[in-house]
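Below is one structure, written out as structure tokens; the observations come after it.
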Amino acid sequence: QVQLVESGGGLVQAGGSLRLSCAASGRTFSTYGMGWFRQDPGKEREFVAVINWSGSSTYYAEFVEGRFTISRNNAKNTLYLQMNSLKPEDTAVYYCATRKWGYGSRAAYDYDTWGQGTQVTVSA
């Protein structure tokens with residue numbers, strides 16, 4: 001059974017940066033695609049970014065606009081999301097997820113394991 005644990009969230013002013021981490025255990029991390037999603041209370045979970053098993057292929061939601069970078073270190077079983085130029089509308093709980101396939105997906109229902117989430121709050 002795989003487990004995912006996010007960290008790195010917090011409170012930051014608009015224009016600031018945060019780096020989220022997602023530590024994985026229990027599954028061969030390096031063979032599966034992974035993604036980042038976010039969710040505001042009362043809203044659906046929203047796709048942020050996805051990366052394939054090797055890190056050679058990434059894809060981002062339109063609202064990212066070049067501000068975020070998804071990456072992974074398979075030797076450390078860790079997924080990252082570097083977030084720069086943060087805006088108040090980026091405030092949400094951020095989740096990492098993994099699926100039993102080498103490539104990620106923009107659809108939340110394609111993932112079978114989720115972390116507990118980490119809160120990101122961007123003040124104006």
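The values are calculated or read from the model by the stated rules, or taken from the named source; none is laboratory data. This structure is a prediction, so every number in the text was calculated from the model and none was measured. SASA here: full protein model, heavy atoms, side chains in, ligands and nucleic acids out. Shrake-Rupley method; radii C 1.70, N 1.55, O 1.52, S 1.80 Å.
Worth a mention:
- Separation between Cα centres of the range 23-83 and the range 90-114, rounded to whole Å: 7 Å
- Nonpolar atom fraction for the chain, defined as the carbon and sulfur part of the 1.4 Å probe accessible area, stands at 47 percent.
- Between Ala92, Ala75, Ala108, the residue with the greatest mean-square fluctuation in the GNM of the chain (Cα pairs under 10 Å linked by springs) is Ala75.
- Extension gain from Lys87 to Ser105, taking 0.36 nm per residue of separation minus the Cα-Cα distance: 4.0 nm
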